[in-house]
Amino acid sequence: MSEKIIPLLLAGIIFLTSCNKTAYNGEPRNKSFFAMDTYMSITAYGKNAEKALNRAEEKVSELENLWSVTRENSEIYRINHSNGESVHVSPETAELIDFSLEISEITGGALDCSIYPVLTEWGFTTGDYKIPTDERLSELLDYTNYRKINFNGESVQIPENMQIDSGAVGKGYTGDLITEILEKNGIESALLDLGGNIQTVGKKPDGTEWKIGLRSPFDEGNFATLEISDCAVITSGGYERYFTGEDGETYWHILDPKTGKPAHSGLVSVTVIGGEGRLCDALSTSLFVMGIEKATELWKTRSDFEMIAVTDDGKIYLTAGIEDKFSLNQLYGNLHTEVIYR
Ligand code: ADP
Ligand code: MG
């Protein structure tokens, strides 16, 4: 074979395989990867799905480089190690912080992105769990206060010793940005699972709604199914990350910023459903801290989310707007369901 034919043949093979890759046969494309400390899986339908998914993964990695608390070049890292200096941030980080602060205000401080040092003290960031002393907690709570964050829309300044993280909101906001990318690339149907945060684009390709299982806080099963489209379904549960202390008590990773201890509001799981991932993510954590009464009060003032809350004594509260989309799994008939109306 002459030397000229080989490159030509190769080019032919590459051309054929790339054609084959882009031809859309109605099957979904999937991308699964580990990022932001969790397992992410995105499934998209449509002829541009492959390209859209690649862009989505790139975006996640870009955001992780901005928000990681441990990567030395991330913007959050730079804020946390700035010794009180102001740090200029990207539009994405600005939006993350702006949004966090807004939700802290409307939830009476149940959400506080400066809880991070307390979370570290409990070992939730490393897996090296321990119960902090009350003295240590009160020391750390001196600089847990989102109101001390100075943010002017472009730069962030926090007092020395304070540290912030994106734990409660970052994945939801990431879902919103991925959704935007998929839609810009012409995707009309997709399902995002970002470490258990579910976000959907459109309906399933056959025009029916997505069926989403809701994990029981009491065992491994799903206590209910939701049929939804074009929205986020995000749960915060005490069962997601916890340890048993030497005293035999269970300690979980959702903390009450007022005490620095795991939140005990009577709720063991809160699912928030709405159009915006960032809102659902931020609220699932905050409502868990606030408890059912305050959560209900907040729901009555807004029309951009619905919730499903499970109490430690096995009661399910669901807001009126989600009632028609909710079906209880028969095996969980012992859980008493109550609908909350406006
Ligand atoms: P996950 O991200 O584990 O799925 P959540 O959305 O409920 O679950 O967020 C819990 C995370 O948020 C914790 O791991 C921690 O980083 C952070 N966090 C815990 N309590 C609070 C709080 N009161 N305010 C803000 N962030 C919190
Ligand atoms: Mg959350």
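The values are calculated or read from the model by the stated rules, or taken from the named source; none is laboratory data. Since the model is a prediction, treat every value here as computed from it, not as a measurement. Don't worry about glycine lacking a Cβ; one is built from the backbone with ideal geometry, like all the others, and counts go over all protein chains shown. Quick note on the areas: whole protein, heavy atoms, side chains included, nothing else; ligands and nucleic acids left out. Shrake-Rupley method; radii C 1.70, N 1.55, O 1.52, S 1.80 Å.
Scale the Cα Rg of region 173-328 by the rule-of-thumb value 2.2 N^0.38 Å and send over the ratio, two decimals.
Working: Rg = 16.0 Å, N = 156, 2.2 N^0.38 = 15.0 Å.
So the Cα radius of gyration is 1.07 times the expected 2.2 N^0.38 Å.
Roughly how many Å² of residue 332 are accessible to a 1.4 Å probe, to the nearest 10?
30 Å²
Of the candidates 63, 298, 318, which one comes out as most mobile in a Gaussian network treatment of the chain with C-alpha springs shorter than 10 Å?
Of 63, 298, 318, the Gaussian network model singles out 298 as fluctuating most.
Picking from 319, 33, 262, whose Cα lies most toward the positive end of the charge dipole for the chain (charges on Cβ: Lys, Arg +1; Asp, Glu -1)?
33
Using Cα springs under 10 Å in a Gaussian network model of the chain, which residue among 125, 285, 70 shows the largest mean-square fluctuation?
70
Using +1 at the C-beta of Lys and Arg and -1 at the C-beta of Asp and Glu, which of 119, 152, 341 has the Cα lying farthest in the positive direction of the dipole of the chain?
341
Please give, to one decimal in nm, the separation of the simple spin-label points placed at residue 136 and residue 219, each 7 Å out from Cα toward the Cβ.
3.7 nm
Defining a contact as two alpha carbons under 8 Å apart and six or more residues distant in sequence, what relative contact order in percent does the chain show? Walk me through the intermediate numbers first.
Values: 623 pairs, mean separation 51.1, N = 342.
Relative contact order here is 15 percent.
At a 1.4 Å probe radius, carbon and sulfur cover how many percent of the accessible area of the chain?
On the way: 8040 of 16980 Å².
Summing carbon and sulfur atoms, their accessible area is 47 percent of the total for the chain.
Which of the helices in the chain meet the span-like rule: DSSP H, Cα axial reach of 20 Å or more, Kyte-Doolittle mean at least 0.5?
Numbers: long enough: 5-22 (26 Å, 1.59); 49-67 (27 Å, -0.92); 91-106 (22 Å, 0.27); 170-184 (21 Å, -0.37).
Helices meeting the span and hydropathy rule in the chain are 5-22.
Could you compute how much accessible surface residue 169 exposes when probed at 1.4 Å, giving the result in Å² to the nearest 10?
10 Å²
Can you send over the solvent-accessible area of residue 130, 1.4 Å probe, protein chains only, in Å² to the nearest 10?
Approximately 100 Å² of residue 130 is accessible to the 1.4 Å probe.
Quick check for me: using +1 on Lys/Arg Cβ and -1 on Asp/Glu Cβ, what's the dipole size of the chain about its Cα centre, in debye to the nearest 20?
On the way: 30 positive and 53 negative charges, 215 e Å.
Computed charge dipole of the chain: roughly 1040 debye.
If one computes the Cα centroid of region 266-342 and of region 151-214, what distance in Å separates the two points?
About 19 Å separates the Cα centre of region 266-342 from the one of region 151-214.
What does the extension gain come out to for residue 328 and residue 86, with contour length at 0.36 nm per residue minus their alpha carbon separation? Before the final figure, lay out each step's value.
On the way: separation 242, 0.36 × 242 = 87.12 nm, distance 5.01 nm.
Between residue 328 and residue 86, full extension yields an extra 82.1 nm.
What percent do you get for the relative contact order of region 16-121 when only Cα pairs under 8 Å and 6+ apart count? Don't skip to the answer; put the middle values down first.
Numbers: 84 pairs, mean separation 14.0, N = 106.
Dividing the mean separation by the residue count of region 16-121 yields 13 percent.
Averaging over all projection directions, find the projected area of the Cα convex hull of region 52-187 and quote it in nm² with one decimal place. Walk me through the numbers before you get to the answer.
On the way: hull surface 36.5 nm².
That works out to 9.1 nm².
Quickly work out the residue 211-to-residue 129 label distance, labels modelled 7 Å from Cα along the C-beta direction, and quote it in nm with one decimal.
3.4 nm
Each label point is 7 Å from the Cα along the Cα-to-Cβ direction; what then is the distance between the points at residue 312 and residue 147, in nm?
With each label point 7 Å from Cα toward Cβ, the separation is 2.9 nm.
Rank 259, 311, 296 by mean-square fluctuation in a GNM of the chain with C-alpha springs under 10 angstrom and give only the top-ranked residue.
259
If you scale each eigenvalue of the Cα gyration tensor by 5 and take the root, what three semi-axes come out for the chain, rounded to whole angstrom and sorted largest first? Working shown, then result.
Details: eigenvalues 274, 158, 66 Å².
Gyration-tensor ellipsoid for the chain: 37, 28, 18 Å.
Where does region 111-174 land on Rg(C-alpha)/(2.2 N^0.38 Å)?
Numbers: Rg = 12.9 Å, N = 64, 2.2 N^0.38 = 10.7 Å.
Output field value: 1.21.
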